[in-house]
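First the structure, in the form of structure tokens, and then the observations on it.
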Amino acid sequence: METPNLNYLKDIAAGDVAFEENILNLLKKELPKDYALFNENFNKKKYKEAAQNVYKMKLKISMLGLKKGLEIASDFEKDLKLNDIKLSQDFINVLKKILVYLKD
């Protein structure tokens with residue numbers, strides 16, 4: 001499985017360390033909230049709302065260099081709209097990996 005990284009963030013920051021730190025702090029603050037809201041909707045079988053939560057997290061996943069993770073999120077978002085949850089564990093694994101990475 002892929003490992004989150006800051007390569008993309010460093011590229012778009014173009015040496016602006018303050019910008020890089022601001023985005024990283026935003027990710028650390030917002031992603032746990034997004035994940036909690038997703039879990040709440042998913043556990044209540046509100047799959048359309050959960051799909052919207054996944055949509056919101058896709059940018060954050062891509063910013064951390066997770067191309068396969070973004071692919072999983074995109075596919076899972078589409079599936080959720082059809083009440084298909086087969087990719088749920090794959091998506092949750094991507095998020096857990098990111099959350100562990102952001103804690104360090």
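Please treat every number below as a calculation from the coordinates, not as lab data. Treat the numbers as computed from the prediction; the structure is a model and nothing was measured. All Cβ positions, even for glycine, are placed from backbone atoms using ideal geometry, and neighbour counts span all protein chains on display.
Rank these for me by crowding, VAL94, VAL17, going from fewest to most other beta carbons within 10 Å. Write down the numbers at each step before the final one.
On the way: VAL94 25, VAL17 9.
Fewest-to-most Cβ neighbours within 10 Å comes out as VAL17, VAL94.
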P(r) of the chain over all Cα-Cα pairs, 5 Å bins starting at 0, rounded to whole percent, reads 2, 13, 25, 24, 17, 11, 6, 2, 1
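Which net charge results when you count Lys and Arg as +1 and Asp and Glu as -1 among the other residues whose beta-carbon is under 11 Å from that of LYS10?
On the way: positive: none; negative: ASP11, ASP16, GLU20.
Combined, the nearby Lys, Arg, Asp and Glu give -3.
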Ranked from fewest to most other Cβ atoms within 10 Å of their own Cβ, ILE92, ILE12, ILE61 fall in the order ILE12, ILE92, ILE61
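Nearest 0.05, what FRET efficiency do ALA18 and ASN93 give at R0 = 30 Å with Cβ-Cβ as r?
Numbers: r = 32 Å, r/R0 = 1.08.
In this case the efficiency is close to 0.40.
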For LYS56 and ASP104, extending 7 Å from Cα along the Cα-Cβ vector and measuring point to point gives, in nm, a value of 2.8 nm
Cross-link reach from LYS81 to lysines, straight Cα distance under 22 Å and at least 8 residues apart if same chain, gives LYS33, LYS44, LYS45, LYS46, LYS48, LYS56, LYS58, LYS60, LYS67, LYS68
